[in-house]
1. Can you tally the net charge around residue 262? Count Lys and Arg as +1, Asp and Glu as -1, for every other residue whose Cβ sits under 14 Å from the Cβ of residue 262.
2. Starting at 0 and stepping by 5 Å, how many percent of the alpha carbon pairs of the range 151-213 end up in each bin?
3. Between residue 335 and residue 375, what length in nm is gained on full extension when 0.36 nm per residue of separation is reduced by their alpha carbon distance?
4. Top mean-square fluctuation among 100, 306, 36, Gaussian network model of the chain, C-alpha springs under 10 Å?
5. Taking the number of other C-beta atoms within 10 Å as the exposure measure, put 219, 53 in order starting with the fewest.
6. I'd like the FRET efficiency for residue 171 and residue 297, computed as 1/(1 + (r/R0)^6) with the beta carbon distance as r and R0 of 30 Å, rounded to 0.05.
7. Name the long-range amide H neighbours of residue 281: under 5 Å, sequence gap of 5 or more, or other chain; modelled H, no Pro or chain starts.
8. How large are Rg and Dmax for the range 12-69 when calculated on the C-alpha trace, in angstrom?
Amino acid sequence: ESGITRPKGYNVSFHCNPDMEKHHFGMTHPMKPWRLTLSKSLIYSYGMSFAMDNYVSRAATYEELATFHSTDYLDFLGTVLPEPVPRDLENQNPDLKFNLGGSDCPLFDGLYDYCSMSAGGALDGARKLCSKQSDIAIAWGGGLHHAKKAEASGFCYINDIVVAILQLLRYYPRVLYIDIDVHHGDGVEEAFFSTDRVMTVSFHKYDPNNFFPGTGALDDNGPKSEHNPGAHHAVNVPLNDGITDEQYEWLFNSIIGRIVEKFRPGAIALQCGADSLAGDRLGRFNLQVQGHGACVEFCKKYNLPLILFGGGGYTPRNVARAWAYETSIAISCDDKISPTLPQHVPWRDQFRQDTLFPTLEQILGEPRVNRNSQKRLQDILQHVTEQLRFVQA
Ligand code: TV1
Ligand code: CA
Ligand code: ZN
């Protein structure tokens, strides 16, 4: 019906766990695991499951999580219970252990299950790539890039990306990590600061005093200590409000093109945070579903093992559109997905318009001012090009 068929020649695996979507961060919290339900509903309505291998992912084990996280942190995470925090104290509780229990990273029922399921999907995807059973693995429930070894941060408790990349490193000499979430991928960057086997690249809104997490300046490229092989292996692309599809695509393709040529990764891990889309509740960019998806398309063209993670995304209808479109890019050779939403998609009203590609006017009413000059973008590309002189495969 949708014209989507299983293509010959390569496999796509889809990893999710419906139990993950039942969890709640709290009524007013922007992170809504339910957006995964809406995304899957759109993906299934398009008939895409017939073109992929679908797996219900298991929860990652304690040992798997401990490949990155400290056991102190995991033990605490596994035992803390949600405590009602008095509203006015939410932001000033002075002894938050491991940064848990504040307003960004609240304690909620089933927190440990939620985290281990997110990591389980990512890890299953990575394993499918390693065993060559899959060429592109999709884990929309993952992508929680801020979590540190022993600290929760920015809605992230367990860094499923780091755990998955550690798995990929058992089979691939070099892994390229790319992060198109509107926030800086600080947790992944920090985890691989001292190795030259992972190159991390984050595109993000940068405004150190006004936008989370405040790191990721253009010249933060990894500690330049004397014997650090990881020096120069962190690429940061700091952007301003309102960047458009056209500018983003140009910068993304130019930067990633040069990096792949120089670094020669054996696999690519792409965090597809959908909060970089126009109209996101927390984001500031003017990207459309097409421009966001173009990043996936560009990465796919290298024919390297590719894992796609979710991440941020706080306007569920936009998240569902982006991740459905990107799933279609992963599975389709040349046939394009129908731009009209399937007729009987559940929660049809959530989507407002019946198109997969709403216009900026439909999304925003009036578009956000673009504060990215072409000159600045050229300077960024120039910096990255010079940085790459220190990188060799
Ligand atoms: C509860 C209820 C929590 C309403 C948090 C927005 C809320 C935010 C809330 C919020 C919010 C942030 C900070 C300030 C650090 C704090 C998944 C000193 C309307 C990957 C994480 C953003 C993004 C954290 C995660 C940020 C991801 N912004 N309403 N919190 N403090 N935290 O600024 O990269 O997308 O906003
Ligand atoms: Ca980013
Ligand atoms: Zn984000």
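Bear in mind that the values in this text are calculations on the coordinates, not laboratory data. The shown structure was predicted, so the numbers you read here are calculated from the model rather than taken from an experiment. Cβ coordinates were reconstructed from backbone atoms using ideal geometry, including for glycine residues, and neighbour counts include every protein chain displayed.
1. Working: positive: 174, 258, 264, 389; negative: 196, 261, 386.
So the surrounding residues net to +1.
2. 4, 17, 27, 24, 17, 8, 3, 1, 0
3. Values: separation 40, 0.36 × 40 = 14.40 nm, distance 3.64 nm.
Taking 0.36 nm per residue and subtracting the Cα distance, the gain is 10.8 nm.
4. In this elastic network of the chain, the residue with the biggest mean-square fluctuation among 100, 306, 36 is 100.
5. Working: 219 8, 53 15.
Ascending Cβ contact count within 10 Å gives the list 219, 53.
6. Working: r = 25 Å, r/R0 = 0.83.
FRET efficiency, residue 171 to residue 297: 0.75.
7. Residues meeting the criterion, in which the H sits 1.01 Å from N, are 314, 315.
8. So, for the range 12-69, Rg and Dmax equal 14.2, 38 Å respectively.
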